[in-house]
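The values are calculated or read from the model by the stated rules, or taken from the named source; none is laboratory data. This one's a predicted model, so the numbers in the text were calculated from it and none came from an experiment. Cβ atoms come from the backbone with ideal geometry, glycine included; neighbour counts cover every protein chain shown. These accessible areas exclude ligands, DNA and RNA; they are computed on the full protein's heavy atoms, side chains included. Shrake-Rupley method; radii C 1.70, N 1.55, O 1.52, S 1.80 Å.
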Amino acid sequence: MSTGYSSKVMEHFANPRNVGEIPDADGVGKVGNPVCGDIMNMYIKVKDGVITDAKFKTFGCGAAIATSSMATEMIKGKTIEEALKLTNEAVAEALGGLPKVKMHCSVLAEQAVRSAIDDYLRRTTGKGLEMKSDEELHEHEMAET
Ligand code: FES
């Protein structure tokens, strides 16, 4: 039976990269999807404005695990500015696509990255990102599904 998932999604789900915590992280993000209840924690290490390491812990569905795995791979070695441009669509594309009903899971990965960067900026500059409101996020999710 076909799962509707690409082989890359299945591979990242079965063998996720960068799982775990960074105890002395420079930024920690935590996001949850109120609809499904899934939770994603993201940890980043930053040196001279570059993300040198990223790890995650996701308590969620297979697509959430695969997208957080791919997102950590994609932001490692990037500057903060570059990492902020990472979209959920780009993560899904890098995974060979996601079933439509699972696109909202990739939104969680994008938000986890932003949340970790927000925490990093707050710690270093005292000012975080302008986060999207819950309402905007909700609209975004609705548009994706
Ligand atoms: Fe909750 Fe995928 S079903 S993030």
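Some notes on this structure:
- Yes/no for Glu82 being more than 14 Å from the ligand (Cβ to nearest atom), over 13 Å from the mean Cα position of the chain (by Cα) and under 20 Å from Leu121 (Cα atoms): yes
- Residue match in region 55-71 (condition: under 23 Å from Glu21 (Cβ atoms), β-branched (Val, Ile, Thr) and open to solvent by 20 Å² or more (accessible area, probe 1.4 Å)): yes
Conditions tested, residue by residue: (1) closer than 20 Å to Ile117 by Cβ; (2) modelled with pLDDT under 95; (3) within 13 Å of the ligand (Cβ to nearest atom).
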{"position": "His12", "(1), (2), (3)": "no, no, no"}
{"position": "Pro16", "(1), (2), (3)": "no, no, no"}
{"position": "Ala25", "(1), (2), (3)": "yes, no, no"}
{"position": "Cys36", "(1), (2), (3)": "no, yes, yes"}
{"position": "Ile44", "(1), (2), (3)": "yes, no, no"}
{"position": "Asp48", "(1), (2), (3)": "yes, no, no"}
{"position": "Thr52", "(1), (2), (3)": "yes, no, no"}
{"position": "Glu89", "(1), (2), (3)": "yes, no, no"}
{"position": "Leu98", "(1), (2), (3)": "no, no, yes"}
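- Test for Asp119: is it surrounded by fewer than 18 Cβ atoms within 10 Å (Cβ to Cβ) and either touching a residue at least 40 places away in the same chain (Cβ under 8 Å) or more than 11 Å from the ligand (Cβ to nearest atom) (or both): no
- Single unsatisfied condition, Glu144 versus (1) at pLDDT below 95; (2) open to solvent by 80 Å² or more (accessible area, probe 1.4 Å); (3) not small (Gly, Ala, Ser): (2)
- Test: residue in region 21-43 that is of a type in the set (Ser, Thr, Tyr), assigned to a strand (DSSP E or B) and closer than 18 Å to Gln111 by Cβ: yes
- Total residues in region 1-27, condition in contact (Cβ under 8 Å) with a residue 40 or more places away in the chain and either more than 18 Å from the chain's Cα centre (by Cα) or on the phi > 0 side of the Ramachandran plot (or both): 5
- If the condition is being over 9 Å from the mean Cα position of the chain (by Cα) and of a type in the set (Gly, Ala, Ser), then region 93-114 contributes Ala94, Gly96, Gly97.
- Taking the conditions (1) in contact with a Lys or Arg (Cβ under 8 Å, 6 or more places away or on another chain); (2) in contact (Cβ under 8 Å) with a residue 24 or more places away in the chain in turn, Ile39 satisfies each one other than (2).
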